[in-house]
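Structure first, commentary second.
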């Protein structure tokens, strides 16, 4: 089974690495063989939003189809460019024609929406980009700030850290609740943040 994670300049590092860590850990508890690839049009290194270097493992041409697509978010200025990158958008559409799951975290939902892959589906994204997602009339943006939303074979997550919760849900969907529990224990994922804040709805799209 192939899990594909496209990466690009200014990608959100945790969107990529946190989910990949959870998916990789899952492989210790299942007999299903998973290939987890970081993908790009070529294998030239890219810089994450905070300056970390990531190197694609496979090109789009080398992995024409995936079973699960995980689309991370990116810096807003980069996102504007990515949403018009026809090579990327075409790949998102073509690689998921027979995919079991099409998923995103954070602003990655904007790329799925730009590719038309969220039309007719309930979805969410980073709280600041909800007004941007609402600009797509065929996307049913869920009210509030859910950590993630599952609608049939689409799974979309909120802001960066939501990707951890979402990844665990995907493990459950792929391999069952007990495997998800085992992954939770091994990674010691029992969050209890030392701070508390309240999200305020965004009133405008930062991409405008």
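We did not get these values from a lab; they are worked out from the coordinates using the rules stated. Note that the structure is predicted; figures quoted are calculated from it, not measured. Note that each Cβ is placed from the backbone with ideal geometry, even for glycine, and that neighbours are counted across all protein chains shown.
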| So how many residues does the range 143-168 have that are touching a strand residue (DSSP E or B) at 6+ places or on another chain (Cβ under 8 Å), crowded, with 18+ Cβ neighbours inside 10 Å and outside any helix (DSSP H, G or I)? | 7
| Subset tally (residues that are in contact (Cβ under 8 Å) with a residue 60 or more places away in the chain and surrounded by 15 or more Cβ atoms within 10 Å (Cβ to Cβ)) for the range 36-73 | 9
| note | Of the conditions (1) closer than 19 Å to residue 56 by Cβ; (2) surrounded by fewer than 24 Cβ atoms within 10 Å (Cβ to Cβ); (3) touching a residue at least 40 places away in the same chain (Cβ under 8 Å), the single one that residue 101 does not satisfy is (1)
| task | For the range 24-35, indicate whether the set of residues that are crowded, with 17+ Cβ neighbours inside 10 Å, within 15 Å of the chain's Cα centre (by Cα) and either on the phi > 0 side of the Ramachandran plot or touching a residue at least 40 places away in the same chain (Cβ under 8 Å) (or both) is non-empty. | result | no
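Okay, residues lined up against (1) more than 23 Å from residue 67 (Cβ to Cβ); (2) in contact (Cβ under 8 Å) with a residue 24 or more places away in the chain:
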| site | (1), (2) |
| --- | --- |
| 128 | yes, yes |
| 147 | yes, no |
| 163 | no, yes |
| 171 | no, yes |
| 176 | no, no |
| 193 | yes, no |
| From the options 93, 171, 183, 179, residue that is more than 13 Å from the chain's Cα centre (by Cα), assigned to a helix (DSSP H, G or I) and surrounded by fewer than 17 Cβ atoms within 10 Å (Cβ to Cβ) | 93
| task | Scan the range 122-140 for residues that are outside any helix (DSSP H, G or I), surrounded by fewer than 20 Cβ atoms within 10 Å (Cβ to Cβ) and in contact with a helix residue (DSSP H, G or I) (Cβ under 9 Å, 6 or more places away or on another chain) and report the count. | result | 3
| In this structure, is residue 88 out of contact with any strand residue (DSSP E or B) (no Cβ under 6 Å at 6 or more places or on another chain) and within 25 Å of residue 58 (Cα to Cα)? | yes
| said: Just to be sure before I move on: is residue 117 assigned to a helix (DSSP H, G or I), surrounded by 18 or more Cβ atoms within 10 Å (Cβ to Cβ) and within 14 Å of the chain's Cα centre (by Cα) in the structure I sent? | reply: no
